[in-house]
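So the structure is just underneath, and the comments pick up after that.
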């Protein structure tokens, strides 16, 4: 939360006064027809009203009325391992921050580091996403939006999130499995193919394509930058007014 | 985050105008000495300046300068099972909410429900608190303060939190173990004594009294209401200016 400092109110008083006094002087001159009186009136007004403005600001800061809560949203990026979720998510996060939106970035990796023993079975994954959903809800209660990137391979896992959070936007980052394998700088596909990793999405476990994605990004056709721009445009249209 | 609506700016313009125009009319009357001119000047000013005020407000909403981030804090309630942490924590939370502070309540129970397989060994407890610390940090990054209640029986567990979060206030809710046993409406002490629960703080596991608590509440001497008031006073003095 941001607090309006006293000095901000004083400076607002001064800038308003410059604009206000010019207006008053013009009015006085039009009605009275004398430049000297317009000038003295303006002078007296300047000093008395900076104080008045300050007082008026401080009183209004105590009034809650007319302040609207910004609705938080959750951008949920799903897709095969190494499809580009994290890259696009980071870009979207960066661009939204510039718009001064209270925002948190949640990536699968960071959460798994915190709870290392989760596992990758269907049940474990769903439990895991339930916890992530809880984190997003906690943030949303405090008007903080989220950019989350998780493989989330099952329809049911994504539904868990959709049912828990408000304004959920499913973004499917679509990439051919062969493309992902080629990008395998982490050697995870390699290890999965060798059988070192079990329940690896795309190799030894299924990826159920989202049926109701709000946005589909085909990484064969658009760059990460373009994908991020596309998502931002969607968010701006729906949630930032 | 709260957004200032357009209508709020318009109404602020009107209330400022009432006060402002009275001042202007008085000034004009003092300089010009004519009531009718003071009146016409005031009338012309009223209309022109409500618009000016509105415009001035909307321009200033785009200026970041002079808005100060409120420093988030963490109230960490520690003590034996059933010593009264949750009761005091709930009261503190309720009172701080009334002060319009962005705030989240975190109770041991809620987090353990999310991650049911944690366990109660020294190592498990510390890992658990590390995760809780991470959650508090995430909230603090977004300027949200926290009221957290956890047995957190070891000096080292409390240090994990103290090292992770900002403005950490350790509140030791001190209660005699016999008093806690008498309050045993959950029958947890009973089960621990029977050996049904292992590593139960106070029975089969140690509670290391905090050496550096910021506040010590002796539940034999003060009520939950008084304890909450005491904590609020401390917070107001240090963090709410």
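We did not get these values from a lab; they are worked out from the coordinates using the rules stated. What you see is a predicted model; the values in this text were computed from it and never measured. Note that we place each Cβ from the backbone using ideal geometry, even for glycine, and neighbour counts take in every protein chain shown.
At-a-glance table
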item: All positions within the range A:121-140 that are in contact (Cβ under 8 Å) with a residue 24 or more places away in the chain and touching a helix residue (DSSP H, G or I) at 6+ places or on another chain (Cβ under 9 Å); result: A:122, A:125, A:126, A:129, A:130, A:132, A:133, A:134, A:135, A:136, A:137, A:139
item: When residues of the range B:59-71 are limited to those that are in contact (Cβ under 8 Å) with a residue 24 or more places away in the chain and facing another protein chain (nearest Cβ under 9 Å), the one farthest from residue B:239 (Cα to Cα); result: B:69
item: Qualifying residue in the range B:170-186 (condition: more than 20 Å from residue B:77 (Cα to Cα) and within 28 Å of the chain's Cα centre (by Cα)); result: no
item: Which numbered condition residue B:41 fails, given (1) surrounded by fewer than 19 Cβ atoms within 10 Å (Cβ to Cβ); (2) at the interface with chain A (Cβ under 7 Å from one of its Cβ atoms); result: (1)
item: The range B:16-33 - residue that is surrounded by 14 or more Cβ atoms within 10 Å (Cβ to Cβ) and more than 7 Å from chain A (Cβ to nearest Cβ) and, of those, farthest from residue A:55 (Cα to Cα); result: B:29
item: Wholly within the range B:1-116, strands (runs of 3 or more DSSP E) carrying at least 2 residues that are more than 30 Å from residue B:181 (Cβ to Cβ); result: B:2-4, B:67-69, B:103-107
item: Residue check for residue A:49: facing another protein chain (nearest Cβ under 8 Å), in contact with a strand residue (DSSP E or B) (Cβ under 6 Å, 6 or more places away or on another chain) and closer than 30 Å to residue B:49 by Cα; result: no
item: Number of positions in the range A:116-130 that are surrounded by 18 or more Cβ atoms within 10 Å (Cβ to Cβ) and either within 11 Å of chain B (Cβ to nearest Cβ) or more than 19 Å from residue A:201 (Cα to Cα) (or both); result: 2
item: Any chance residue A:46 is touching a helix residue (DSSP H, G or I) at 6+ places or on another chain (Cβ under 7 Å) and farther than 29 Å from residue A:238 by Cβ; result: yes
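To keep it simple, each residue is scored yes or no on (1) surrounded by fewer than 13 Cβ atoms within 10 Å (Cβ to Cβ); (2) within 26 Å of residue A:126 (Cα to Cα).
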| site | (1), (2) |
| --- | --- |
| A:176 | no, yes |
| A:179 | no, no |
| A:186 | yes, yes |
| A:189 | no, yes |
| A:196 | yes, yes |
| A:221 | yes, no |
| A:229 | no, no |
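Let's see how each residue does on (1) more than 19 Å from the chain's Cα centre (by Cα); (2) within 30 Å of residue B:42 (Cβ to Cβ):
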site: A:9; (1), (2): yes, yes
site: A:20; (1), (2): yes, yes
site: A:52; (1), (2): yes, yes
site: A:86; (1), (2): no, no
site: A:93; (1), (2): no, no
site: A:109; (1), (2): yes, no
